[in-house]
Structures are given as structure tokens and as C-alpha cells.
Amino acid sequence: HKSYIELDVQKLVLDNNSNENIHVSGNFVGSQFGNLVTFSLHHPDGVVENIGSVKLPSDGFFHYPIIGIDKYWIAGEYQIIVTHLDDVPLSVLFTIENSFQKYSMDKEKLVGSFILSSEISNGFTILGLSGNVETDESEMILQISKDEIILFEDTLSIHDKLFETNTVLFDYGLNSPWVAGDYRVSGLIG
């Protein structure tokens, strides 16, 4: 027998509605049971996060869930490192692709302008977006992003080369209003 670690998923593809879980399991052979097995998560951007611990049972097998993997996790390769006393640490990799954070805009395909307005209603800021676009298409994807993370996306109908929509500047996932800063409004066609 030999100590090991494994995941139930090797790759996750995230989108706007993702709320995924990964289960870490493995075994420390010949270890003293009852002591803590600790789990750390190494992000692609170099951040190291201690995500929890469990007591090692007498059979040496451990299980730990990583929950709430959502659209805000950056794309890349993650490493989970599991340690127990003086045992050799165990590690495993998994990959995240985040289609929510991917977008591209071909400036040649879209010529037009945006008009932004805002109002306060019931304590919430409502952002109004309208404008015109030179295209024969009947729809346009409008995105608002901050630090290359898409916070709002809507498919708008285009009538007589005009469009309009509005959104409440509130993150329902985090239960908080959008923070102050620079945001990017993009229109995509095709």
C-alpha cells in the first residue's frame, strides 16, 4: 500500500451560473490517526489558501469537499496540497476554464455609441444603457466588465439600429453593490 490523493474531477468549465464542487480523497498509509490532515489550495496567480482540515480516521482514508467554485474563480491550473504530521505531503492538480471571464471584441464589426445614465430607486443604483450601432444584425451582446471579469451580460434586440437596457448595480451572488472603480462596456455582434 502507498499513500495517495485523487479528485473526482480533473477539469471544470465554469459559466455564469456555475456553483461546482470538487471532492478530494486519499490515504496516508501507516500514519497516526486522530491528527489533522490539512488542505491548501494554490491558485494560478500564486495565491495560497488554507481551505480546511479533517481528523485522520484509523483506516487512514480522508475526504474533503471544495465547494462553491463559481464564475469568479480565475482560469488556470490549481494545486491542492495535503499534509499530515511529518508524512510526505500529497499533491494533485486540476484545471479551471472560465467561459464567463472570456470575451473578445472585434472592433471592426461594431461601430456605434453608448449613452449611460443612472438613477437611484429604493436604495439601489440602476444603470441605463442605450445607443446606436451600425449593423444589419438584429441582436447584440452587451457586456459590462471590471478587471476582465464579466459582471453583466445581456442579449439586446436592435431596432432601427437602436438598443437600450438597464441593470441594477448589485452583485446578488455576493449580496453587495458593485464597488467603485473603472468598468468597461462592450458590445459584441456575431
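Figures for the structure shown
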read-out	value
Residue in the range 1-20 that is modelled with the lowest pLDDT, counting only those that are within 29 Å of Phe152 (Cα to Cα) and either among the aliphatic types (A, V, I, L, M) or open to solvent by 100 Å² or more (accessible area, probe 1.4 Å) (or both)	Asn17
Residue list for the range 133-153, filter: of a type outside the set (A, V, I, L, M, F, W, C), assigned to a strand (DSSP E or B) and over 18 Å from the mean Cα position of the chain (by Cα)	Glu139
Test set (1) out of contact with any Phe, Trp or Tyr (no Cβ under 7 Å at 6 or more places or on another chain); (2) in contact (Cβ under 8 Å) with a residue 12 or more places away in the chain; (3) open to solvent by 40 Å² or more (accessible area, probe 1.4 Å); (4) on the phi < 0 side of the Ramachandran plot - Ala180 fails condition number	(2)
Residue satisfying all of: in the range 50-69; open to solvent by 50 Å² or more (accessible area, probe 1.4 Å) and assigned to a strand (DSSP E or B); nearest to Ser25 (Cα to Cα) among these	His63
Positions within the range 35-49 being aliphatic (A, V, I, L, M) and surrounded by 15 or more Cβ atoms within 10 Å (Cβ to Cβ), in sequence order	Val37, Leu41
Glu119 being in contact (Cβ under 8 Å) with a residue 40 or more places away in the chain and acidic (Asp, Glu)	no
Check on Gly112, among the small types (Gly, Ala, Ser) and either surrounded by fewer than 14 Cβ atoms within 10 Å (Cβ to Cβ) or free of Cβ contacts under 8 Å to residues at least 12 places away in the same chain (or both)	no
Some residue of the range 154-167 being buried (at least 16 other Cβ atoms within 10 Å of the Cβ) and either assigned to a loop (DSSP other than H, G, I, E, B) or in contact (Cβ under 8 Å) with a residue 40 or more places away in the chain (or both)	yes
Selection count, the range 168-177, where residues are over 17 Å from Gly128 (Cα atoms) and free of Cβ contacts under 8 Å to residues at least 40 places away in the same chain	4
When residues of the range 22-32 are limited to those that are part of a loop (DSSP other than H, G, I, E, B) and surrounded by 15 or more Cβ atoms within 10 Å (Cβ to Cβ), the one farthest from the chain's Cα centre (by Cα)	Ser31
Those residues of the range 76-94 which are open to solvent by 50 Å² or more (accessible area, probe 1.4 Å) and within 29 Å of Gly173 (Cα to Cα), in sequence order	Glu77, Gln79, Leu93
Those residues of the range 1-51 which are under 17 Å from Tyr78 (Cβ atoms), in contact (Cβ under 8 Å) with a residue 60 or more places away in the chain and among the hydroxyl-bearing types (Ser, Thr, Tyr), in sequence order	Ser18
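The values are calculated or read from the model by the stated rules, or taken from the named source; none is laboratory data. Everything quoted here is computed from the prediction, not taken from an experiment. Glycine also receives a Cβ, built like all others from the backbone with ideal geometry; neighbour counts cover every protein chain displayed. For the accessible areas, the whole protein counts, side chains as well, though only heavy atoms, and no ligand, DNA or RNA atoms are used. Shrake-Rupley method; radii C 1.70, N 1.55, O 1.52, S 1.80 Å.
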